[in-house]
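Participant: After the structure tokens below, expect a handful of questions from me.
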Amino acid sequence: MFSGAFTALVTPFRNGEVDVEALEGLVEFQIQQGVNGLVPCGTTGESPTLSEEEDRLVIGTVVRVTNGRVPVVAGTGSNSTDMAIKYTKMAEEAGADGSLQVAPYYNKPTQEGLYRHFATIAESTSLPLILYNIPGRTSVTISAETIARLAEVPNIVGVKESTLSMNMVSDIRHLCGDEFDILSGDDPMILPLMSLGGTGVISVASNVAPGAVSAMVAALNSGDFDRGRELHYQLLPLFRALFVETNPIPVKAAASLLGLCSDEMRLPLVPMSGENLRKLQEVMDSSGHLLPTPEEVR
């Protein structure tokens, strides 16, 4: 159901408020650059700092500007099952095409707890759900066996995989079959994950290099691994530079350098500065052929 390059959208701010005009421009830019879908209100969108009203504003804006041209998969997960249901219903009412559901963070549920959490959310909505497996942020891993159980729920259709384990990817593909979507949650892992049967990526880097990331994923999905591998190595310095500090600090700095939006963050995150910013600029300068031209940004 969900394949290709999906962008984990940043949320632009200006003077402490959501910058709706900049967000509208970002959505249009992404679509014109060829991405296959958009994911607002995820980690890259600074979701922990957004209010319910701001979530509704961001998702509604992305749905409105997208206007059905690509699917919108809204980040509506929570470590509270009731809150995840509330936010998912809100996204469904706003017109989202799917929901990204992160594993509950901090409270560290058991595998049975994880299963019941996601299954209960799925029962509350008609939206297709993508699980989000990112133990580096949540301190809990959804096991391949639990994912296989959840894949039997009709509207749980895929997983965003960020365990960095190719064993995990292999197990998910083996246990869940070919109809279950596996999307990389880490840009440097797109190539190996897709070689094992993955269907695409929910990408941070495509905020600033949507054309190149989309081309790489399209090549891999078409079986052109030579071209996909070539683009992987061209993009790898940028992939790494965008994680030199906690995401989304570097990608927001990069978006600001391109003129896409401000680098304004919400505490406890702060804008990038100093040596790391200089290094990011150097990588972007050397990767210029992968980045949009000023005319494309405008």
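Participant: Within the range 1-20, does at least one residue satisfy the condition of being without any contact (Cβ under 8 Å) to a residue 40 or more places away in the chain, part of a helix (DSSP H, G or I) and not hydroxyl-bearing (Ser, Thr, Tyr)?
Facilitator: The answer is no, given that none of the residues of the range 1-20 is without any contact (Cβ under 8 Å) to a residue 40 or more places away in the chain, part of a helix (DSSP H, G or I) and not hydroxyl-bearing (Ser, Thr, Tyr).
Participant: If GLY197 passes every condition in (1) closer than 27 Å to THR88 by Cβ; (2) outside any helix (DSSP H, G or I); (3) out of contact with any Leu (no Cβ under 6 Å at 6 or more places or on another chain) but one, which one does it miss?
Facilitator: Among (1) closer than 27 Å to THR88 by Cβ; (2) outside any helix (DSSP H, G or I); (3) out of contact with any Leu (no Cβ under 6 Å at 6 or more places or on another chain), GLY197 violates only (1).
Participant: Let me ask something else about it. Show the residue pairs meeting these rules: Cβ distance below 7 Å; 6+ apart or different chains; first residue within the range 142-165 and of a type in the set (S, T, N, Q); second residue part of a strand (DSSP E or B).
Facilitator: Within 7 Å, the pairs are ASN155/LEU129; SER162/ASN133; THR163/ASN133.
Participant: Could you check how many residues of the range 30-51 are surrounded by fewer than 19 Cβ atoms within 10 Å (Cβ to Cβ) and in a helix (DSSP H, G or I)?
Facilitator: 3
Participant: Which pairs have Cβ atoms under 8 Å, sit 6 or more apart or on different chains, and link a residue in the range 114-140 that is under 17 Å from PRO154 (Cβ atoms) to one that is assigned to a loop (DSSP other than H, G, I, E, B) and of a type in the set (Phe, Trp, Tyr)?
Facilitator: Within 8 Å, the pairs are PRO128/PHE2; ILE130/PHE2.
Participant: If a residue has to be of a type in the set (Lys, Arg) and either at pLDDT 95 or above or assigned to a helix (DSSP H, G or I) (or both) to count, how many in the range 268-298 make the cut?
Facilitator: 2
The values are calculated or read from the model by the stated rules, or taken from the named source; none is laboratory data. Computed from a predicted structure; not experimentally measured. Note that each Cβ is placed from the backbone with ideal geometry, even for glycine, and that neighbours are counted across all protein chains shown.
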